[in-house]
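Okay, structure first, notes after.
Values quoted throughout were computed directly from the atomic coordinates according to the rules given, and no laboratory measurement underlies them. Keep in mind it's a predicted model, so treat the numbers as computed, not measured. Cβ placement follows ideal geometry from the backbone for every residue including glycine, while neighbour counts extend to all protein chains displayed.
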Amino acid sequence: MSLEEFENTPDTKTKRYVLMRTITDLGMGIIYVGVGVVILLAKQFNFQSVFTVGILAKIFAVMVIIYGSWRIYRGLKKKYFKE
């Protein structure tokens, strides 16, 4: 279901479902991107622990940022139904 079809649908249950999924995707995407940025910039935030110093932490942070960006993209596209 595209955005135009969604906006023209009279079914309020479908609209509420899409709105809930959109808010969830955007919120979780922002959280994931924020966590990834904090891990990447741990030294600048004076947040140093054993987890944030290694190369694996940097790889994990990049993966989390990519996943968070995908969640934000999915929330903006609002394509939750197969066509």
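General observations
- Set VAL62, VAL38, VAL53: member being hydrophobic (A, V, I, L, M, F, W, C) and touching a residue at least 24 places away in the same chain (Cβ under 8 Å): VAL62
- Residue check: PHE60 meets all listed conditions (1) of a type outside the set (A, V, I, L, M); (2) surrounded by fewer than 16 Cβ atoms within 10 Å (Cβ to Cβ); (3) part of a helix (DSSP H, G or I) but one, namely (2).
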